[in-house]
Amino acid sequence: MTSDKRRSPHSRPGTAVRRREILTSAVEIFGSKGSTNGTLSEVADQVGLTRAGVLHHFGSKENLLLEVLAFRDRADVAELAEQHIPGGPELFLHLVRTAFANAHRPGIVQAFTVLSAESVTEGHPARSFFDDRYTTLRGEIGEAFRLLCAQEGVTESETVDAASAAILAVMDGLQLQWLLDSETVELGEASEFAIRAIVNAVLSPGPELSSYVHARTVGPRT
């Protein structure tokens, strides 16, 4: 899903620096305007290039968009030895650390939030990226839950799949609230609370409230 013009690891240092400058500009432009309204010309202007100059490095706007998303994911693991999110129970701590780190990089968070919302629209170039991303993360979080349950002597809970999706949903939802009102919403603290609550609910589920059971049975009112 990358351009044929993408440089090899042996590219000149100046090329790597220029590509990073373009990516940083694209994060800002796509984050503030979205991928449809944000233009390559605006990205180019910020780094002193022409539109053709940006295309020389990334091949197309679609490739640049996908590189922006990959750039965001690389930032999440930049300080990890293996450059990959950890497995097992350590994954939950990594998610909490990521939330605290995101509170210091609003541009990347905004670009991710905008592009992920846009990706549900028909024909969006990032649709496959987000489909794959959420499928992979749900699987990795689910496996972390199963390992944690085994360590704690908990019979595998039927709520693992729902809990895995819920953790991702609450993290993304809190990012949106934080972008709208960072003075009120503490991104790191709120994310840590939510992740801990979901993990505890899997390890030690409380009694179901009768109203919840009834709601699942009868469905929404018409």
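The values are calculated or read from the model by the stated rules, or taken from the named source; none is laboratory data. Quick caveat: nothing in here was measured; it's all calculated off a predicted structure. Accessible surface is based on the protein model in full, side chains and every heavy atom, while ligands, DNA and RNA are left aside. Shrake-Rupley method; radii C 1.70, N 1.55, O 1.52, S 1.80 Å.
Summary of the geometry: segment 83-151 and segment 160-199, compared by the centres of their Cα atoms, lie 12 Å apart. Among VAL154, VAL160, the order of accessible area from largest down is VAL154, VAL160, computed with a 1.4 Å probe on protein heavy atoms. Here SER116 sits with roughly 30 square angstrom of accessible surface, probe radius 1.4 Å.
The listed residues GLU118, GLU21 rank as GLU21, GLU118 when sorted by accessible area, largest first, using a 1.4 Å probe. Calculate the translational D of segment 93-163 in whole µm² s⁻¹ from Stokes-Einstein, where the hydrodynamic radius comes from the Kirkwood formula applied to all Cα pairs, the temperature is 37 °C and the viscosity 0.692 mPa s. Stokes-Einstein gives a translational diffusion coefficient of 228 µm²/s. What is the log10 of I(q)/I(0) for segment 22-103, computed with the Debye formula using one identical point scatterer on each Cα and no solvent, at q = 0.13, 0.17, 0.25, 0.26 Å⁻¹? Debye curve over Cα of segment 22-103, log10 I(q)/I(0) at q = 0.13, 0.17, 0.25, 0.26 Å⁻¹: -0.51, -0.73, -1.09, -1.15. With a/c under 1.5 counting as rounded, go ahead and sort segment 104-208 into rounded, prolate or oblate using the C-alpha gyration tensor (a ≥ b ≥ c being the square roots of the eigenvalues; past the cut-off, prolate if a/b is larger than b/c, else oblate). Oblate, because a/c is 1.5 or more while a/b does not exceed b/c.
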